[in-house]
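Engineer: The structure's right below; bear with me while I get my questions together.
The values are calculated or read from the model by the stated rules, or taken from the named source; none is laboratory data. Every value quoted in this text rests on a predicted model; they were computed, and no experiment measured them. In this analysis, Cβ positions are derived from the backbone assuming ideal geometry, glycine residues included, and neighbour counts consider all displayed protein chains. Heads up: the accessible areas ignore ligands, DNA and RNA and are worked out on the full protein's heavy atoms, side chains in. Shrake-Rupley method; radii C 1.70, N 1.55, O 1.52, S 1.80 Å.
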Amino acid sequence: MCNNLALAISMIGTSEAMLLGKASGMDPKVLADIMNTSTARCWSSDTYNPCPGVMEGVPSSRGYEGGFGVDLMLKDLGLATDASKLVRQPLPMAGLAQQLYALTSAHGNGHKDFGAIFEFLEKQK
């Protein structure tokens, strides 16, 4: 639950950074290389990058099929936010991540890999 909480948030941050770079004209592979040799490096950027075309063999390279589903991540975020209420520990980023994944699911992406948050955010222009 705690691991997936951190993972969901890092996937959203990685997606936003990749989208900003892409919209600014950067080559996503170059941006990923910069991030992965800098302080932004994380599993979401160096092992499971959500931007299509950056890595082979990951869900983003195959239309977000396979992998850990949006609805499963949403379930885990619900468990985390429920637990936070029980122990009275505010988790503002968890709440925001939960809302974003709920919107992603509501737009018909619940079966896709949780990296599809990239695709969802890209379509919000």
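Engineer: Could you do me a favour and compute the accessible area per residue for the chain, 1.4 Å probe, result in Å²?
Structural biologist: With all protein chains present, the chain gives 54 Å² per residue.
Engineer: Continuing with the same structure: What whole-number distance in Å separates the alpha-carbon centres of segment 17-37 and segment 80-103?
Structural biologist: Answer, in whole Å: 28.
Engineer: Could you compute the net charge surrounding Asn3? Neighbours are other residues with a C-beta less than 15 Å from the C-beta of Asn3; K and R count +1, D and E count -1. Please report the intermediate quantities before stating the final value.
Structural biologist: Values: positive: Lys75; negative: Asp76.
In short, 0.
Engineer: Give the carbon-plus-sulfur fraction of the accessible surface of segment 1-122 in %, rounded to a whole number; probe 1.4 Å, heavy atoms of protein chains only.
Structural biologist: 60 percent
Engineer: Further question on the same structure: Quick check on segment 77-125: take the gyration tensor over C-alpha atoms, sort the square-rooted eigenvalues as a ≥ b ≥ c, and tell me if it's rounded (a/c under 1.5), prolate or oblate.
Structural biologist: In terms of gyration-tensor shape, prolate.
Engineer: Quick one: ranking Arg41, Arg88, Arg62 by accessible area, 1.4 Å probe, largest first, what do you get?
Structural biologist: Result of the area sort, largest leading: Arg88, Arg41, Arg62.
Engineer: Next question, about the same structure. Rank Tyr48, Tyr64 by accessible area, highest first, at a 1.4 Å probe radius? Present the calculation step by step, with values, prior to reporting the outcome.
Structural biologist: Details: Tyr48 40, Tyr64 5 Å².
From most accessible down to least: Tyr48, Tyr64.
Engineer: Can you put Met26, Met1 in order of accessible area, largest first, using a 1.4 Å probe?
Structural biologist: Heavy-atom accessible area, descending, gives Met1, Met26.
Engineer: Show that you can apply the helix-only estimate: for the chain, add -39,500 (n - 2.57) for every DSSP H stretch of four or more residues, divide by all residues, and state [θ] at 222 nm to the nearest 500.
Structural biologist: -17500 deg cm²/dmol
Engineer: How far is helix 2-23 tilted, in degrees, relative to the longest principal axis of the Cα atoms in the chain, given as a value from 0 to 90 rounded to the nearest 10?
Structural biologist: Roughly 40 degrees, rounded to the nearest 10.
Engineer: Would you work out which of Ser45, Leu96, Leu20 lies farthest towards the positive end of the dipole of the chain? Charges go on Cβ: Lys and Arg +1, Asp and Glu -1.
Structural biologist: About the Cα centre, the residue reaching furthest to the positive side is Leu96.
Engineer: Dipole size in debye (nearest 20) for the chain around its Cα centre, Lys and Arg Cβ +1, Asp and Glu Cβ -1?
Structural biologist: Magnitude of the dipole: close to 280 debye.
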